[in-house]
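> Dropping a structure here in structure tokens format, bear with me for questions.
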Amino acid sequence: MLQKKWLKPGAHINAVGADAEGKEELEPSILNDAMVVVDDLRQAIHAGEINVPVARGTYKKEQIHATLGEIISGNKSGRTNDEMITVFDSTGLAIEDIAAAGMLYQKARQTGSGMSFSLVD
């Protein structure tokens, strides 16, 4: 488990290991002192890094600063100073994978990279 004492001011953590109910990889006090951003609120509460502290009552969903979409769209701010510790609790969304795959596909087509093949014969 990642401990708060190991972090330097301004650290950013991509929390991706807690991918099911009951799993956690960060010392809970990190969440209480950090700006926490999630990819999907409902999913993060049930299976993300915040799921255990929320279930124990040591962290409230209202403490979550924003979703990634809110920051990307400019509806909420990201980091506001260089000393702030930030946590992105990524539970993984299929739409993110599809967007990344689409971008890679377009780049491969533009550069003539990769190999074409049929998935259905």
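The values are calculated or read from the model by the stated rules, or taken from the named source; none is laboratory data. Computed from a prediction, not measured in an experiment: that's the story for all the values here. Cβ atoms come from the backbone with ideal geometry, glycine included; neighbour counts cover every protein chain shown. These area figures cover heavy atoms from the full protein model, side chains too; ligands, DNA and RNA do not enter into them. Shrake-Rupley method; radii C 1.70, N 1.55, O 1.52, S 1.80 Å.
> Does the stretch 83-92 include one or more residues that are out of contact with any Lys or Arg (no Cβ under 7 Å at 6 or more places or on another chain), small (Gly, Ala, Ser) and either over 23 Å from His12 (Cα atoms) or open to solvent by less than 80 Å² (accessible area, probe 1.4 Å) (or both)?
yes
> Can you pull out the residues in the stretch 1-37 that are crowded, with 17+ Cβ neighbours inside 10 Å, assigned to a loop (DSSP other than H, G, I, E, B) and aliphatic (A, V, I, L, M)?
Leu7, Ala18, Ala34
> OK, next. Considering only the stretch 73-82, state which residues are touching a Gly at 6+ places or on another chain (Cβ under 9 Å) and surrounded by 10 or more Cβ atoms within 10 Å (Cβ to Cβ).
Correct list: Asn75, Arg79.
> With the condition kept exactly as written, say whether any residue in the stretch 93-106 is within 17 Å of the chain's Cα centre (by Cα), of a type outside the set (Ser, Thr, Tyr), surrounded by 18 or more Cβ atoms within 10 Å (Cβ to Cβ) and not in a loop (DSSP other than H, G, I, E, B). Walk me through it before giving the result.
Our first condition is that a residue be within 17 Å of the chain's Cα centre (by Cα); within the stretch 93-106, this holds for 93-100.
Going one step further and asking which of them are of a type outside the set (Ser, Thr, Tyr), we end up with 93-100.
Pick out the ones that are also surrounded by 18 or more Cβ atoms within 10 Å (Cβ to Cβ) and you get none.
Scanning the stretch 93-106, I find no residue that is within 17 Å of the chain's Cα centre (by Cα), of a type outside the set (Ser, Thr, Tyr), surrounded by 18 or more Cβ atoms within 10 Å (Cβ to Cβ) and not in a loop (DSSP other than H, G, I, E, B), so the answer is no.
> Suppose we keep only residues that are β-branched (Val, Ile, Thr) and part of a loop (DSSP other than H, G, I, E, B) within the stretch 47-82. Which one would you say is farthest from Gly10 (Cα to Cα)?
The qualifying residue farthest from Gly10 (Cα to Cα) is Thr58.
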